[in-house]
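Participant: Before I ask anything, let me first share the structure, which is written out below as structure tokens.
The values are calculated or read from the model by the stated rules, or taken from the named source; none is laboratory data. All of these numbers come straight from a predicted model, not from anything done at the bench. For neighbour counting, all protein chains shown are included, and Cβ atoms are generated from backbone atoms with ideal geometry for every residue, glycine included. Surface areas here come from the heavy atoms of the whole protein model, side chains and all, with no ligands, DNA or RNA. Shrake-Rupley method; radii C 1.70, N 1.55, O 1.52, S 1.80 Å.
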Amino acid sequence: MGFWGCYLVGRSGEPLIGHPALRNSRERLTLREYRADGWQVWSHPTKPPLGSMTALSDAARAPVLLGFVMDGACVAVEAAAPHSGSWYACLGRAPMAALLDRDGATVEDLFLPPEDAAARAVRWAAETGQDVREGPLLELLRIEWPEQSAEELFFAFLDRLGVESLSG
């Protein structure tokens, strides 16, 4: 069984967990890393309830993103921004489909198609001040069976959104 947990990503001059929208989960959040331009990545060891990303985005007045890593094989992405709204994407479509099938759901029931998710991701990134290209994002969103871990795939997605690591 692989890793199950969440990564919460946001940009703030103060620790992101200080926002009232995270009141009920802040004790379980751990700072994983700071990234360039004031971005913070926090981890949470279990399934959400981290609350609404829309509420957090509204409270922070900035875009936020949540990556829920499921069994170390796939990631459910929930993103929200004050102007472009919220959207859901999937990284690792085939493992996600297998997990959802247990409950009778499909990837298409819960997540945007890769093309739509990439377009929404570009708008989300624009709200952060980044000018990113759709193609590199679409490449990751179309991966059926990831060759890397779900965590690595998620952090590659962050890099392509312009939420760049401090180490390079």
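Participant: Looking at (1) outside any loop (DSSP other than H, G, I, E, B); (2) surrounded by fewer than 24 Cβ atoms within 10 Å (Cβ to Cβ), which is the only condition Ala121 fails?
Facilitator: The failed condition is (2).
Participant: Among the listed residues Glu151, Glu164, Glu147, which satisfies the condition of being open to solvent by 30 Å² or more (accessible area, probe 1.4 Å) and under 12 Å from the mean Cα position of the chain (by Cα)?
Facilitator: Glu151
Participant: When you scan the range 1-113 for helices (runs of 4 or more DSSP H) that lie fully inside it, which ones turn up with 3 or more residues that are of a type in the set (A, V, I, L, M) and more than 21 Å from Glu151 (Cα to Cα)?
Facilitator: Where helices (runs of 4 or more DSSP H) fall fully within the range 1-113 and carry at least 3 residues being of a type in the set (A, V, I, L, M) and more than 21 Å from Glu151 (Cα to Cα), they are 53-60.
Participant: Shifting gears a bit: Within the range 45-93, which residues are in contact (Cβ under 8 Å) with a residue 60 or more places away in the chain, within 23 Å of Leu141 (Cα to Cα) and among the aliphatic types (A, V, I, L, M)?
Facilitator: Hits for the range 45-93 are Leu65, Leu66, Val69, Met70, Ala73, Val75, Val77, Leu91.
Participant: Please find, within the range 125-136, the residue that is surrounded by the fewest Cβ atoms within 10 Å (Cβ to Cβ) out of those that are in a loop (DSSP other than H, G, I, E, B) and out of contact with any strand residue (DSSP E or B) (no Cβ under 9 Å at 6 or more places or on another chain).
Facilitator: Result: Asp131.
Participant: Here's something else I'd like to know. Identify, please: which residue in the range 8-34 is at pLDDT 85 or above and among the aliphatic types (A, V, I, L, M) and is, among those, farthest from Val163 (Cα to Cα)?
Facilitator: Checked the range 8-34; the qualifying residue farthest from Val163 (Cα to Cα) is Leu29.
Participant: What number of residues within the range 67-98 are open to solvent by less than 10 Å² (accessible area, probe 1.4 Å) and within 14 Å of the chain's Cα centre (by Cα)?
Facilitator: 13
Participant: Okay, moving on. Which residues, taken from the range 1-18, are open to solvent by 70 Å² or more (accessible area, probe 1.4 Å), of a type outside the set (Gly, Ala, Ser) and touching a helix residue (DSSP H, G or I) at 6+ places or on another chain (Cβ under 8 Å)?
Facilitator: Within the range 1-18, just Phe3 meets the criteria.
Participant: When the residues of the range 19-39 are filtered to those that are open to solvent by less than 20 Å² (accessible area, probe 1.4 Å) and of a type in the set (A, V, I, L, M, F, W, C), which remaining residue is farthest from Met70 (Cα to Cα)?
Facilitator: Trp39
Participant: Out of contact with any Leu (no Cβ under 7 Å at 6 or more places or on another chain), touching a residue at least 12 places away in the same chain (Cβ under 8 Å) and part of a helix (DSSP H, G or I): which single residue out of Glu139, Glu151 fits that description?
Facilitator: Glu151
Participant: For Val107, only one of the following conditions fails: (1) over 19 Å from Arg35 (Cβ atoms); (2) open to solvent by 60 Å² or more (accessible area, probe 1.4 Å). What is its number?
Facilitator: Of the numbered conditions (1) over 19 Å from Arg35 (Cβ atoms); (2) open to solvent by 60 Å² or more (accessible area, probe 1.4 Å), the odd one out for Val107 is (2).
Participant: Does Pro45 meet the test of being surrounded by fewer than 19 Cβ atoms within 10 Å (Cβ to Cβ) and more than 25 Å from Leu22 (Cβ to Cβ)?
Facilitator: The answer is no for Pro45.
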